[in-house]
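Values in this text are rule-based calculations from the coordinates and carry no lab data. What you are looking at is a predicted structure, and each value in this text was computed from that prediction instead of being measured. We place every Cβ from the backbone using ideal geometry, glycine too, and count neighbours over all the protein chains shown.
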Amino acid sequence: MKIEKIKTQILIIGGGTAGCYAALTIAENSDAKTLICEKAHIKRSGCLAAGVNALNAYIVEGRTPQDYVEYVKKDADGIVREDLLLTMSERLNKVTERLEQLGLVILKDEKGKYVTRGNRNLKINGENIKPILAQAVENLPNVSILNRVNIIDYAVENNRINGAFGIGIENNTFYIIEADAVIIATGGAAGLYKPNNPGFSRHKMWYPPFNTGAGYAMGIRAGAEMTTFEMRFIALRCKDTIAPTGTLAQGVGAKQINSLGDVYETKYGITTSERVYGTVNENLEGRGPCYLKTEGITHEQDESLIKAYLNMAPSQTLKWIESGKNPSQQNVEIEGTEPYIVGGHTASGYWVDTNRATTIKGLFAAGDVAGGCPQKYVTGALAEGEIAALSAVDFIKNHKAQSIDKEKIDKQKSEIKKFIGENNSNFTIEQLEEAMQTVMDSYAGGIKTNYRFNEKQLDIADYKIKQIYQLTDRLHADDFQELMYIYELRERLTVCQSVIAHLKARHETRWHSFAENLDYPEKDNKNWKKYVNSRLENGEIKIILRELVKGGTQFEHNN
Amino acid sequence: MSITIDKSKCIGCGKCRTVCPGSLIKKDENGKAFIKYPKDCWGCTSCVKECPVHAVRFYLGADIGGMGSLVHTESMGDILRWVIEKSDGEISKIDINRKESNKY
Ligand SMILES: Cc1cc2nc3c(=O)[nH]c(=O)nc-3n(C[C@H](O)[C@H](O)[C@H](O)COP(=O)(O)OP(=O)(O)OC[C@H]3O[C@@H](n4cnc5c(N)ncnc54)[C@H](O)[C@@H]3O)c2cc1C
Ligand code: SF4
Ligand code: SF4
């Protein structure tokens, strides 16, 4: 094992959507020395790797940022931070223009105006969105990039972050990085629950299986306050390929129908969670499988769909071609995915102030890892990257990191040595990962129980997840890539514990499927128009209930 | 889904290894690429699109209804051509202009 010590002013953890944009913003507004640590390679890492279909968050002509806030608030049934939504919404159009300048193709009409899809979306060719962003970052003078360096923990002293520890998965190096400020942008967490296809295609999931919740887990461990983990995200997707359905629903107006051919979406409502819930229920009541009705669309629509899917989810196009039938000749079967934790779609993540500062001094959060601000999507992640970057630039003017103490470094080192040392484990990493996913599936509202759970089940889940965590102590890694897999497993187990605690804390069912508590099947506006937050104190998750932050106000941490 | 790499075609440029978001592709003792963790593939096709000699192809696993077709891409200026070879030998080609936006 090699050891490398690095000093920088701003450390960005995760060179994805928000992380790349944060780097661009820092370079434009300061000459701060900046380092990005990315577990893969910034050219094609994270959510954007395959390409995206549309820009889902944009303020179209005649609408205001406040309209976007209202839309999201309604979809999330009130449990949002309006201050975060508004500051994000105000930046959506500016970051969109920037993306276009960088080379993203956005559809325009003859007058040169963006063509919109519905009230909030723009049509693009999003296949190369990540290479475009990455190239812009690679050209920046004061920004260095360490690809294939996976960050495994923060260095926090008295609630102040001084840097982080990482492992180089291809150069067997242990990194000690000191930084005056840190931006966490590691995305959300996939792989907590047993996926739709747990066999050979276990990673054919919606959210990137390589976003393992590192940012959440490091925050939880360091005692950061976290919010709304109980609002899980379950995507409604094309069966098997787990390809997005929005293009079919909004693009060609395909309706959700059951096997009798009846349109059922109107019966349950069309918020994100209601669309999933309706599908689950139709199946439970014997009217499955469910479909998006594409039969009868035009030949031209067929061609456009086949191309559109190649730009974001090529497996779906392959599925159509292998079956020898176009979407106009067969409806597309749909299913719900396993639950994910993802702050860019729902509201889970760090509890941040309006400037995206977390409760740990010097640590800022952006994108799917940051909570309170659902439906941010690509442009919202960019906007938050910008806000967090500006806050970090401001912060380092008056704050310098302390050097990371030797005891902390030695502790990390000896842990790594233990994992790569002698192999005396009777379990493999893969086995424990599967065990975790089975527990979450069976006892914490996975696919198996139609996303439903009760308190007794959650208690069992909690007990078993803690047990599995203990077993990770004896795992063995053959190389640094496997070492990363051990840390990823631990991250997931840490996030699972918080998810379970949050699901247990909210005594109501506000969002069907996302948090369907059978002990409390009704919504309770009188008692639960509140945030469920949590913080780790002396090894125990402490639940903190907070009143909603009112619209039109700024929110500051007061501890 | 997953990918397969034709070692006889691979020239060892390393591009597919670089872009994989899961770091799943490694090189063998001859510098040729191979997928070390086929079950961990997300199916993003980043590696497929990078390969200059069309050695990387993707397929759908049988557990998600795959029927054995192999897909690669060919890059020609603004055109990205997707080539689908079905197991019965039938070949389909779909051209995408990178300068054109999705219609939907
Ligand atoms: C398949 C898919 C399709 C989507 N389609 C659309 C769409 O059409 N339109 C739209 O507007 N939105 C879409 N979204 C949503 C949008 O892409 C995301 O909300 C947004 O990109 C999230 O940005 P992020 O920076 O938080 O995460 P990411 O872009 O995923 O960045 C996280 C980065 O952190 C890295 N990382 C993780 N852990 C570590 C660690 N421990 N150390 C170092 N690096 C680490 C990852 O490799 C990754 O590069 C889609 C999302 C997905 C998953
Ligand atoms: S398709 Fe994507 S995840 Fe799979 S090997 Fe290629 S680059 Fe990696
Ligand atoms: S991109 Fe193609 S040629 Fe280059 S290493 Fe990969 S398989 Fe070989």
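A few remarks follow.
- Peptide-level mean, for A:120-128, of C-beta atoms on other protein chains within 10 Å: 3
- Overall, the protein assembly as shown carries a charge dipole of about 540 debye about its Cα centre when +1 sits on the Cβ of Lys and Arg and -1 on the Cβ of Asp and Glu, all other atoms neutral.
- Residues in the stretch A:353-372 reached by a label modelled at A:LYS542 [backbone nitrogen below 17 Å; 7 Å Cα→Cβ]: A:359-361
- Cα-centred dipole magnitude for the stretch A:219-277, charges only on beta-carbon of K, R (+1) and D, E (-1), debye, nearest 20: 120
- Normalising the average separation of contacting C-alpha pairs (under 8 angstrom, six or more residues apart) by the number of residues puts the relative contact order of chain A at 20 percent.
- Sites A:GLU415 and A:LYS325 - FRET efficiency at Förster radius 51 Å, r taken between beta-carbons, to 0.05: 0.45
- Mean residue ellipticity, 222 nm, helices only, the protein assembly as shown: the sum of -39500 (n - 2.57) across DSSP H runs of n ≥ 4, divided by residue count and rounded to 500, is -9500 deg cm²/dmol.
- Table column - 3J(HN,Hα) (Hz), the stretch A:115-125, Karplus curve with 6.51, -1.76, 1.60, x for Gly and Pro: 8, 9, 10, x, 8, 9, 10, 10, 8, 9, 10
- Think of the protein assembly as shown as having a plus end and a minus end, set by charges on the Cβ of Lys, Arg, Asp and Glu; of A:THR228, A:HIS507, A:ILE184, A:ILE184 sits farthest toward the positive end of this dipole.
- Highest to lowest packing among A:433-445, A:376-388, scored as the average C-beta count within 10 Å: A:376-388, A:433-445
- Taken about its Cα centre, the stretch A:236-336 carries a charge dipole of about 100 debye when Lys and Arg each add +1 at the Cβ and Asp and Glu each add -1 at the Cβ.
- Of the GluC sites (Glu not before Pro) found in the stretch A:1-62, those in coil by DSSP whose Cβ has at most 12 other Cβ atoms within 10 Å are A:GLU61.
- For the residues of A:39-46, the average number of beta carbons from a partner chain within 10 Å of their own beta carbon is 5.
- Counting Cβ atoms of other protein chains within 10 Å of each Cβ in A:200-210 and taking the mean gives 6.
- Ordering A:VAL263, B:ASN30, A:LEU248 by the projection of their Cα atoms onto the charge dipole of the protein assembly as shown, which places +1 on the Cβ of Lys and Arg and -1 on the Cβ of Asp and Glu, puts B:ASN30 at the extreme positive end.
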